[in-house]
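Below is one structure, written out as structure tokens; the observations come after it.
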Amino acid sequence: MADPSSYRPKPGQIPDSPGVYRFRDDHRRVIYVGKAKSLRPRLSSYFQDLANLHPRTRTMVTTAASVEWTVVSTEVEALQLEYSWIKEYDPRFNVKYRDDKSYPYLAVTLNEEFPRVQVMRGAKKKGVRYFGPYGHAWAIRETVDLMLRVFPVRTCSAGVFKNAERTGRPCLLGYIGKCSAPCVGRVTPDEHRELAEEFCDFMAGRTGAYIRRLERRMTDAAEEMEYERAGRLRDDIGALRRAMEKSAVVLADATDADLIAVAEDELEAAVQIFHVRGGRVRGQRGWVTDKVEEVDTAGLVEDALQQLYGEESGDSVPKEVLVPALPEDQVATDALAQWLSERRGSQVSLRVPQRGDKKDLMATVGRNAQQSLVLHKTKRASDLTTRSRALEEIAQALGLDSVPLRIECFDISHLQGDDVVASMVVFEDGLARKSEYRRFQIKGFEGQDDVRSMHEVIGRRFKRYLAEKERTGEWTEENEGSTTSGENGENGQNADDAADDTTGQIPAAPGENGHAGPFGPSSLKEDDGRPKRFAYPPQLVVVDGGRPQVAAAKRAMDELGIDDVAVCGLAKRLEEVWLPDDDDPVVLPRSSEGLYLLQRVRDEAHRFAITYQRAKRAKRIRTSPLDDVPGLGETRKQALIKHFGSVKKLREATIEQICEVPGLGRKTAESVAVALAGTAPAAPAVNTATGEIMEDDGGSTHD
């Protein structure tokens, strides 16, 4: 635990101007980002008597080891910089509104030639129109099913669409009139796009005019005695009205607005958002967060606005945002409104509703937020207790001095000695931290040897740790860790591709002059506060395996002089916990929360490793020896496979037979023959589920 006075800036060093500040821990990781209208009083407030600080703020300042700041000219700039740094560094002490699910949206892929209506989750994509979010995916599907009668837009996947194009037969929805079947040319691309745009207009709230138009067409059809067409239009109107009834009218003036309400106590806060479009509630979502410092409702609202609209633009930001409280300082309120207007591209009204339907609806949103907070606290009380007990049981069973707040687990995966890979998963405070997962390719040798593989992986991981310590000045021993390439994160990026595009200036690091001073000319390229790939040591390393794997891991760490990290192994057969140099395993009770946590960590490492191994194997299987033939493009490769039926038969063909393929000259045919002659025939593929030997029919071979 650090003493905040050890890095407190000297009097007069902090400027009295708007800015954004960052607290860093002793590993130079950014743990908190904040902004202030005036940096001097805000930063000074952190260095008062610890007893006067909010409990979470006290934990933050004692975890930090330095503080730095950036001066900006306006509060809007401060707002933008704060948001970008929170997204970039993911500080552990910042308010982050999260819940346990990804909300589904109704999406229309207007970026495709034939737009598709579907349920989507996760990050939003460019060129896709979104409606929602919805509480449940089934609610979207019920709405879409009703509307497809009137707007028969494509809903099928790309594979189904292409198959229908190839066969000339539409899917079932095309036969029953719930798809206009653009796959078989029943409508042109322009006609189908017009249908999709009408669907979007109706979902956006422009419902009245469309229904009135259908009613006029129904009346005209009845007057012309076209009763069958009038009956269809009547049913269409009924379907649309049933779809509209699923979202009740809450604001009579067809308002487009988001209503945000907050429920809070001393330590936590819950936020609920109602998305109102065309006067109807089109979506709802909510988050719960820890309160890091003494922040009022207006501050929580500001954080919610940043995270809600930080990645949005255009119509995704409504014309009106209604909140329960605004900053007392009018300048700060104006800055928020200006930032929202810039995101939308037009004026946005940010205000607190005072009377009428909007105030009543805000009260409803507030009740939802209060209920969400109560449910969260009920669940979390049990969750926190369970995780704390699990960590304490592990510490007691393994004889650790303190509970292992950071656990790393390693697993080896291969298929009969091929495509040998390893995984590293990270659990902090008993929860998975997927952004710090890593994966390795075994490069030191070939073949199947789990013990040797574990030794290599542990060595590479801690060499990177020592290299990071040496670079930041923390490592003063003679153990100079060398870096090793090949480690990859969850996103597949090579671990040596360290991001270094941050610019700016930082104050002197703690230890150089004992405080965080004003900005100098140094850059953030080498030490930018992002979560480094291997910079933070675990308190416990878990390996998937028994005594041999544990001994290999311990030996790798001893060779590097690492003696402050505990090691254990979890054997699958009897779920025994093995420690280095112990002849007998530690056996935790089957009902132990500690054993359950170790099993979850081990199983997650196994899942991550086998996923990577299967991906590598699939990539290798898809590789064809024809890929290496110079001048042979995809079209001629397909022509060769189509002509001969398989790579096996192509390999048996003569140069003259290859020349018979349209578009292939003798020189290219000779290159093909040479390339295939240099590759051994692949062993037959086997369906592991049925044992069936699969014939080579697609041109893909094993190396």
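The values are calculated or read from the model by the stated rules, or taken from the named source; none is laboratory data. Just so it is clear, the structure is predicted and the values come from calculations on it, not from any experiment. We place every Cβ from the backbone using ideal geometry, glycine too, and count neighbours over all the protein chains shown. Remember, those area values only see protein heavy atoms, side chains included, never the ligands or the DNA or RNA. Shrake-Rupley method; radii C 1.70, N 1.55, O 1.52, S 1.80 Å.
Starting from residues that are hydrophobic (A, V, I, L, M, F, W, C) and crowded, with 20+ Cβ neighbours inside 10 Å, keep the ones in region 258-269 and report whichever is modelled with the lowest pLDDT.
The extreme case among them is 269.
Conditions (1) acidic (Asp, Glu); (2) open to solvent by 10 Å² or more (accessible area, probe 1.4 Å); (3) at positive phi, marked per residue:
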| position | (1), (2), (3) |
| --- | --- |
| 6 | no, yes, no |
| 13 | no, yes, no |
| 17 | no, yes, no |
| 23 | no, no, no |
| 29 | no, yes, no |
| 59 | no, yes, no |
| 68 | yes, no, no |
| 87 | no, yes, no |
| 91 | no, no, no |
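Pull up region 363-380, narrow it to residues that are hydrophobic (A, V, I, L, M, F, W, C) and over 21 Å from residue 256 (Cβ atoms), then point me to the one that is most open to solvent (accessible area, probe 1.4 Å).
375
Hey, could you check region 630-657 for residues that are at pLDDT 80 or above and of a type in the set (Asp, Glu) and say which is farthest from the chain's Cα centre (by Cα)?
Among them, the one singled out is 656.
Return a yes/no flag: does region 175-182 have any residue that is open to solvent by 30 Å² or more (accessible area, probe 1.4 Å), closer than 25 Å to residue 308 by Cβ and among the aromatic types (Phe, Trp, Tyr).
The answer is no; no qualifying residue exists.
Among (1) buried (at least 16 other Cβ atoms within 10 Å of the Cβ); (2) under 17 Å from residue 457 (Cα atoms); (3) of a type outside the set (Val, Ile, Thr), there is one condition residue 558 misses while meeting the rest; what is its number?
Among (1) buried (at least 16 other Cβ atoms within 10 Å of the Cβ); (2) under 17 Å from residue 457 (Cα atoms); (3) of a type outside the set (Val, Ile, Thr), the lone unmet condition for residue 558 is (1).
Tell me which residues, restricted to region 333-362, are part of a loop (DSSP other than H, G, I, E, B) and either of a type in the set (Gly, Ala, Ser) or surrounded by fewer than 20 Cβ atoms within 10 Å (Cβ to Cβ) (or both).
345, 346, 347, 352, 353, 354, 355
For the list (1) buried (at least 18 other Cβ atoms within 10 Å of the Cβ); (2) modelled with pLDDT of 50 or more, I need the number of the one condition that residue 527 fails.
Condition (2) is where residue 527 drops out.
For residues in region 589-629 being over 31 Å from the mean Cα position of the chain (by Cα) and modelled with pLDDT of 80 or more, which is most open to solvent (accessible area, probe 1.4 Å)?
Among those residues, the one meeting the criterion is 589.
Out of the residues in region 663-682 meeting the condition of being aliphatic (A, V, I, L, M), in a loop (DSSP other than H, G, I, E, B) and open to solvent by less than 70 Å² (accessible area, probe 1.4 Å), tell me which one is modelled with the highest pLDDT.
The qualifying residue modelled with the highest pLDDT is 664.
Working carefully through the options 390, 363, 395, find the one that is in contact with a Pro (Cβ under 8 Å, 6 or more places away or on another chain), modelled with pLDDT of 85 or more and of a type in the set (Gly, Ala, Ser).
395
Checking the conditions here, which among 418, 383 is exposed (fewer than 15 other Cβ atoms within 10 Å of the Cβ) and either closer than 19 Å to residue 566 by Cα or out of contact with any Ser or Thr (no Cβ under 7 Å at 6 or more places or on another chain) (or both)?
Answer to the check: 383.
Could you tell me which residue of region 284-332 is nearest to residue 274 (Cα to Cα), considering only residues that are of a type in the set (Ser, Thr, Tyr) and buried (at least 18 other Cβ atoms within 10 Å of the Cβ)?
309
Taking region 635-652 only, how many residues are farther than 15 Å from residue 669 by Cα and in a helix (DSSP H, G or I)?
Looking only at that region, the number is 2.
Spot the failing condition for residue 660; the list is (1) touching a Gly at 6+ places or on another chain (Cβ under 9 Å); (2) modelled with pLDDT of 80 or more; (3) open to solvent by 80 Å² or more (accessible area, probe 1.4 Å); (4) among the charged types (D, E, K, R), and only one is missed.
Residue 660 satisfies every listed condition except (1).
Per-residue answers, yes or no, for (1) at pLDDT 80 or above; (2) closer than 30 Å to residue 93 by Cα; (3) β-branched (Val, Ile, Thr):
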| residue | (1), (2), (3) |
| --- | --- |
| 223 | yes, no, no |
| 230 | yes, no, no |
| 239 | no, no, no |
| 250 | no, no, yes |
| 254 | no, no, no |
| 271 | yes, yes, yes |
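Evaluate the following for residue 191: is it among the acidic types (Asp, Glu), at pLDDT 90 or above and open to solvent by 30 Å² or more (accessible area, probe 1.4 Å)?
Taking the combined requirement at face value, the residue satisfies it.
If you check 403, 451, which single one turns out to be assigned to a loop (DSSP other than H, G, I, E, B), open to solvent by 30 Å² or more (accessible area, probe 1.4 Å), out of contact with any His (no Cβ under 9 Å at 6 or more places or on another chain) and β-branched (Val, Ile, Thr)?
403
Answer yes or no as to whether residue 392 is open to solvent by 70 Å² or more (accessible area, probe 1.4 Å), within 30 Å of residue 431 (Cβ to Cβ) and either of a type outside the set (A, V, I, L, M, F, W, C) or more than 29 Å from the chain's Cα centre (by Cα) (or both).
yes
Among the residues of region 194-212 satisfying the criterion of being open to solvent by 70 Å² or more (accessible area, probe 1.4 Å) and within 17 Å of residue 109 (Cβ to Cβ), which is nearest to the chain's Cα centre (by Cα)?
197
Within region 1-44, count every residue that is without any contact (Cβ under 8 Å) to a residue 40 or more places away in the chain and among the hydrophobic types (A, V, I, L, M, F, W, C).
Result for region 1-44: 2.
Do the conditions hold for residue 216, that is, is it of a type in the set (D, E, K, R), within 34 Å of the chain's Cα centre (by Cα) and either part of a loop (DSSP other than H, G, I, E, B) or modelled with pLDDT of 80 or more (or both)?
no
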